[in-house]
Amino acid sequence: MAEKKINGGVKLALDMGPIIAFFVGYILLRDRVFMIGGTEYSGFIVVTACFIPLLALTTFILWRLTGTLSKMQIVTLVLVVIFGGLSVWLNDERFFKMKPTIIYLLFAGILGFGLLRGRSYMQLVMEEMLPMRHEGWMILTKRVTVFFLVLAVLNEVIWRTMSTDAWVNFKTFGLTIGLFAFFMLQGKLFQEYGVEKE
């Protein structure tokens, strides 16, 4: 099915809405404890339980509106369901906190495997959106692979050594700002290797 174009604001709301909702929900419920079925659940676990169906719903709406989903969106949803579900089921927030590490290592591994084969898997999925010569794609893919590895290490260090508040702030704002800054810093690469669309 061909991808349908949707309003940029709608797409941004569907992409970022669940993350913002998770942050707001955590801020409101972080100090509360809920008794459900005779078991105590922290506010973090309750917000995680709400985040899973919300992400599934927004992903479904995005698919209905555009007719397609990226592999990254699908993998992210699957890992959120698995690790968020484990956190809720076992009443242990560590599983949900590990989820970003696994996502970053998975994508770094996939991109690294492509690089070993002399290919840029990023080019395969993003070339239409960002026309660039093959050499530029290889350089960008190497940088993104290293970036994902750094994010995986950072996530592990933060959730294992800092408070849940610090991890939620890192996940909500640090990662978003980090991704934006990383791609802004690639401007020279895009200029040097970019090609005009015919």
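The values are calculated or read from the model by the stated rules, or taken from the named source; none is laboratory data. Fair warning: this is a prediction, and the values are worked out from it, not measured in the lab. Every residue, glycine among them, receives a Cβ derived from its backbone with ideal geometry; neighbour counts consider all protein chains shown.
Residues that are touching a residue at least 40 places away in the same chain (Cβ under 8 Å) and of a type in the set (Asp, Glu) occur in the stretch 163-182; there is at least one.
Look at THR68 and say whether it is buried (at least 17 other Cβ atoms within 10 Å of the Cβ) and outside the structural domain of TRP137 (by TED's automatic domain parsing). Here the answer is no, as THR68 does not meet what is asked. The set of residues in the stretch 84-108 being within 10 Å of THR48 (Cα to Cα) and of a type in the set (S, T, N, Q) consists of SER87 alone. Among residues of the stretch 110-140 being of a type in the set (Val, Ile, Thr) and within 17 Å of the chain's Cα centre (by Cα), the one that is farthest from PHE183 (Cα to Cα) is ILE110. Run down THR141, THR145, THR101, THR164 and say which single residue is crowded, with 17+ Cβ neighbours inside 10 Å, polar (S, T, N, Q) and under 24 Å from LEU86 (Cα atoms). Exactly one residue qualifies, and that residue is THR101. Of all the listed residues (VAL46, VAL78), the sole one being in contact with a strand residue (DSSP E or B) (Cβ under 7 Å, 6 or more places away or on another chain) and either surrounded by 14 or more Cβ atoms within 10 Å (Cβ to Cβ) or without any contact (Cβ under 8 Å) to a residue 24 or more places away in the chain (or both) is VAL46.
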